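I have placed the structure first, in the form of structure tokens, so that the comments after it can refer back to it.
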Amino acid sequence: MYASREDIGYDFGDDSKVGSKPVKPNPNIDGGWAWMIVLSSFLVHILIMGSQMALGILNMEWLEEFNQSRGLTAWVSSLSMGITLIVGPFIGLFISMCGCRTTAIIGGILNALGWILSAYASNVHYLFLTFGVTAGIGSGMVYLPAVVMVGQYFQKRRALAQGLSTTGTGFGAFLMTALLKYLCTEFGWRNAMFIQGAISLNLCVCGALMRPLSPKDLREKYVVRSDSEENRAKALSHSTETIKSNGVLSEEPEKKEEAANEEVLGSVQHIEIGGKPGSGRSMYGLRILKTVSQLTVTVRKGFALWYSSYFGAASLFTNRVFVAFIIWALFAYSSFVIPFIHLPEIVKQYNLSRQDNVFPLTSIIAIVHIFGKVILGIISDLPCISTWNVFLMANFTLVTCILTLPLMQTYVGLAVVCALIGFSSGYFSLMPVVTEDLVGTKHLANAYGIIICANGISALFGPPFAGWIYDITQKYDFSFYIAGLLYMVGIIFLLIQPCIQKKQPREKSTEEAQV
């Protein structure tokens with residue numbers, strides 16, 4: 001159906017500097033420090049996504065503490081999960097301006113602050129602000145850089161690298177569920193959140209490990225990609241000419257602007273060197289001017305890239321398959337989040353607490369989720385396998401499980417369905433790979449920011465909707481059925497658009513041949 005960008009005839013010209021000469025790749029691409037990036041991303045997924053998957057434990061504590069409805073209380077978890085993802089496009093702007101490392105360190109501090117402030121909550125609405133908004137924004141500022149950096153450092157083994165790093169979600173859900181249960185039992189939920197806030201400061205260490213690649217290294221990565229795919233060069237040259245003819249994303253104005261800025265900075269540096277010893281104040285003022293000039297250049301370049309990705313003639317939204325991908329993301333994530341938030345309540349409703357205490361259903365999802373991500377990543381990296389087809393098959397399996405889960409009222413039945421949910425949801429590791437195939441590495445941060453923003457909207461409204469349906473019907477069945485049907489609509493969009501996108505170039509070429 002679909003394999004990569006050249007199959008649908010779409011590109012942003014980010015690989016325009018393709019040369020015919022063989023270039024020796026950076027040893028850190030697909031090796032070396034790249035594996036430290038995977039470790040950093042793995043720890044980020046444990047501390048952020050794993051913690052969010054374990055929020056069902058705190059959700060029950062909040063229900064008992066504040067005596068609010070399930071629908072209202074579920075908004076705390078949904079805000080945290082949703083805002084983590086919704087802020088993606090704006091975090092893309094931060095990354096363009098400040099880089100992944102700085103963005104992640106600031107996010108780690110903000111996330112820890114949100115957890116610590118939440119320990120002093122007096123009502124659910126206080127948690128909306130501290131845990132939902134503050135911790136959520138901090139999580140988003142760490143999560144997106146962690147995914148983007150893995151995409152930058154890997155080329156040949158992208159799916160496997162993303163799979164290994166995102167298994168942190170499964171490990172984290174398993175570890176954080178046990179940790180939060182223990183902390184809440186021994187110290188109470190308030191102290192548990194305070195301790196978790198201290199643990200979250202390790203996100204700053206993860207951010208410090210995100211050493212950026214130089215522009216030269218990124219260009220070498222593009223050349224390696226073009227050498228391995230002969231057909232890509234023709235598509236690239238065509239798309240680059242089209243973009244430059246429209247006057248958008250052309251590199252000439254950027255080069256002229258950079259040259260002008262370098263002249264200003266060079267003149268400042270020349271004055272600093274040739275200044276007299278007595279002109280201390282002037283030297284200090286010139287240093288400030290130099291710093292401000294450099295910061296201005298960085299901010300303008302970052303904003304220009306961010307703006308062109310969303311609103312330029314080469315906007316991401318001109319790619320129909322990418323738009324279909326966004327529509328799918330709007331419905332997909334809630335179907336995965338709802339079981340994590342409401343499974344503890346379902347277990348309690350079916351009087352299965354004794355079996356669930358021995359081996360929690362959420363832990364079954366988490367453990368199998370680990371294997372699902374790695375196995376699907378390995379399969380997708382095989383040369384004879386299409387990543388897109390693996391992605392679609394996993395989605396079909398997951399939506400089937402979501403629709404089947406309400407029919408299971410025994411622990412064994414629920415455990416089997418939860419295991420299948422865990423394995424099929426391993427497709428999350430393929431999302432950055434599919435996104436990069438659609439838009440290229442240069443636009444990965446902004447494009448993936450849009451995708452996780454759509455996921456965030458889904459996560460934001462999914463669990464409260466399930467809680468609201470329960471408050472009306474006293475059952476969770478309809479919540480799963482409606483979520484599953486909406487999810488199926490998203491999958492249908494993914495099936496239709498690639499076929500339409502492929503058909504149009506063929507029709508165009510037929511018309512040209514007739515002329």
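The values are calculated or read from the model by the stated rules, or taken from the named source; none is laboratory data. Note that the structure is predicted; figures quoted are calculated from it, not measured. FYI the Cβ positions are ideal-geometry reconstructions off the backbone, even for glycines, and counts take in every protein chain you see. The area values use the complete protein model at the heavy-atom level, side chains included, leaving out ligands, DNA and RNA. Shrake-Rupley method; radii C 1.70, N 1.55, O 1.52, S 1.80 Å.
Sub-6 Å Cβ pairs linking a first residue in the range 399-425 that is in contact (Cβ under 8 Å) with a residue 24 or more places away in the chain to a second residue that is assigned to a loop (DSSP other than H, G, I, E, B), at least 6 apart or interchain, are Gln409/Tyr350; Tyr411/Leu352; Leu414/Met408, ordered by first then second residue.
Table: residues versus (1) among the small types (Gly, Ala, Ser); (2) at pLDDT below 85; (3) assigned by the TED database to the domain that holds Thr473.
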{"position": "Gln355", "(1), (2), (3)": "no, yes, yes"}
{"position": "Ala366", "(1), (2), (3)": "yes, yes, yes"}
{"position": "Ile370", "(1), (2), (3)": "no, yes, yes"}
{"position": "Ile378", "(1), (2), (3)": "no, no, yes"}
{"position": "Phe396", "(1), (2), (3)": "no, no, yes"}
{"position": "Thr400", "(1), (2), (3)": "no, no, yes"}
{"position": "Thr404", "(1), (2), (3)": "no, no, yes"}
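When the range 29-48 is filtered for residues that are closer than 12 Å to Val142 by Cβ and open to solvent by less than 10 Å² (accessible area, probe 1.4 Å), the ones remaining, listed by number, are Ser40, Ser41, Val44, His45, Ile48. Based on what the data block shows, is Val337 surrounded by fewer than 16 Cβ atoms within 10 Å (Cβ to Cβ) and outside the structural domain of Ile86 (by the TED database)? It is false that Val337 is surrounded by fewer than 16 Cβ atoms within 10 Å (Cβ to Cβ) and outside the structural domain of Ile86 (by the TED database). Filtered by the rule that a residue be surrounded by fewer than 21 Cβ atoms within 10 Å (Cβ to Cβ) and small (Gly, Ala, Ser), the range 84-131 gives Gly99, Ala119, Ser122. Identify, please: which residue in the range 462-488 is loosely packed, with under 14 Cβ neighbours inside 10 Å and of a type in the set (Val, Ile, Thr) and is, among those, modelled with the lowest pLDDT? For the range 462-488, the residue satisfying everything is Thr473. When the range 309-329 is filtered for residues that are at pLDDT 70 or above and more than 24 Å from Cys418 (Cβ to Cβ), the ones remaining, listed by number, are Leu316, Phe317, Thr318, Asn319, Arg320, Val321, Phe322, Val323, Ala324, Phe325, Ile326, Ile327. With respect to the conditions (1) modelled with pLDDT of 60 or more; (2) open to solvent by 80 Å² or more (accessible area, probe 1.4 Å); (3) out of contact with any helix residue (DSSP H, G or I) (no Cβ under 9 Å at 6 or more places or on another chain), Phe194 falls short on a single one, namely (3). Considering the range 86-144, the qualifying helices (runs of 4 or more DSSP H), each wholly inside and each with 3 or more residues that are touching a Leu at 6+ places or on another chain (Cβ under 7 Å), closer than 29 Å to Thr167 by Cβ and not acidic (Asp, Glu), run over 88-98, 100-118. Residues that are open to solvent by 40 Å² or more (accessible area, probe 1.4 Å) and of a type outside the set (D, E, K, R) were ranked within the range 161-185; the one that is nearest to Pro89 (Cα to Cα) is Leu164. The helices (runs of 4 or more DSSP H) found wholly in the range 1-66 and carrying at least 1 residues that are β-branched (Val, Ile, Thr) and at pLDDT 50 or above occupy 34-45, 55-66.
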